[in-house]
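First the structure, in the form of structure tokens, and then the observations on it.
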Amino acid sequence: MPRLPVVLVLSVLCAVATAAGAETPSAAAPTREHFAPAGWQSSYHDIHYTPVLRVGDRVIVSGIPSRSGPDEEANIRWAFQQLEVHLKQAGASLEDVVELNSFHVAQNHEEFRRVVEPVLKVHHEFFKDHYPAWTAVGTTALFSKGASMELSAEAVIGSGRRPRADIPKPSPPPAP
């Protein structure tokens, strides 16, 4: 039996795999870009996570812990400011945020509701309208020692240019 050239065998195998539904690398696949704003480089090199990851127009921001400062509201505001810096590093803005996740240290539901109050206030300062989807989660601990809250987010670059929200305000409850 004659021996087939290696190139021909590989071409046939690639064609069979493609016909069977296997994906082949595409030149059109988006590039995966890693970013670390000033002061966050050790996250990438020492802890082995990317503070900001951009894939095409999608930007994913890893958890940003609140910082210890003069008060809890200032700590939370710092985390939101850092979120803005992280997004800008990858070419996005707060207006482009489509999903926000926050994690709060609390031992029970009552404490959780109490620690979320200053976050609601600061959240409104940064997201005045056309709000992102948001999930707030209570937990007993965060990776960053002393942090009471952590934010992560996902943005789609350009999605904040022409937002639309056709959501009517609910009617006030009837007076007693």
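Each value in this text was obtained by applying a stated rule to the coordinates, not by laboratory testing. If you're wondering where the values come from, they're calculated on a predicted model, not measured in any experiment. Quick reminder, even Gly has a Cβ in these numbers, built from the backbone with ideal geometry, and neighbours come from all protein chains shown.
Overview of values
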| item | result |
| --- | --- |
| In order through the stretch 137-148: 3J(HN,Hα) via Karplus (6.51 cos²θ - 1.76 cosθ + 1.60), integer Hz, x for Gly, Pro | 10, x, 8, 8, 7, 10, 4, 7, 4, x, 6, 9 |
| Candidate lysines - alpha carbon under 22 Å from K88, same-chain residues fewer than 8 apart omitted | K128 |
| Length gained when the stretch A29-H109 is fully extended (0.36 nm per residue, less Cα-Cα span) | 24.4 nm |
| Cα-based shape type of the stretch 82-135, given that a ≥ b ≥ c are square roots of the gyration tensor eigenvalues and the cut on a/c is 1.5 | prolate |
| Cβ charges +1 (Lys, Arg) and -1 (Asp, Glu), total dipole of the stretch 133-176, debye | 180 |
| Debye, to nearest 20: dipole size of the stretch 32-156, +1 on Lys, Arg Cβ, -1 on Asp, Glu Cβ | 220 |
| Considering only the stretch 32-156, percent of DSSP beta bridges that pair antiparallel, nearest 5 | 75 |
| Fully extended contour minus Cα-Cα distance, from E125 to Q81, at 0.36 nm per residue | 14.8 nm |
| Overall form of the stretch 62-176 per C-alpha gyration tensor (a/c, 1.5; a/b vs b/c) | oblate |
| Aspartates and glutamates whose Cα lies under 18 Å from that of K169, excluding same-chain neighbours fewer than 8 positions away | D129 |
| Length-normalised contact order of the stretch 32-163 in % [C-alpha pairs under 8 Å, at least 6 apart] | 33 |
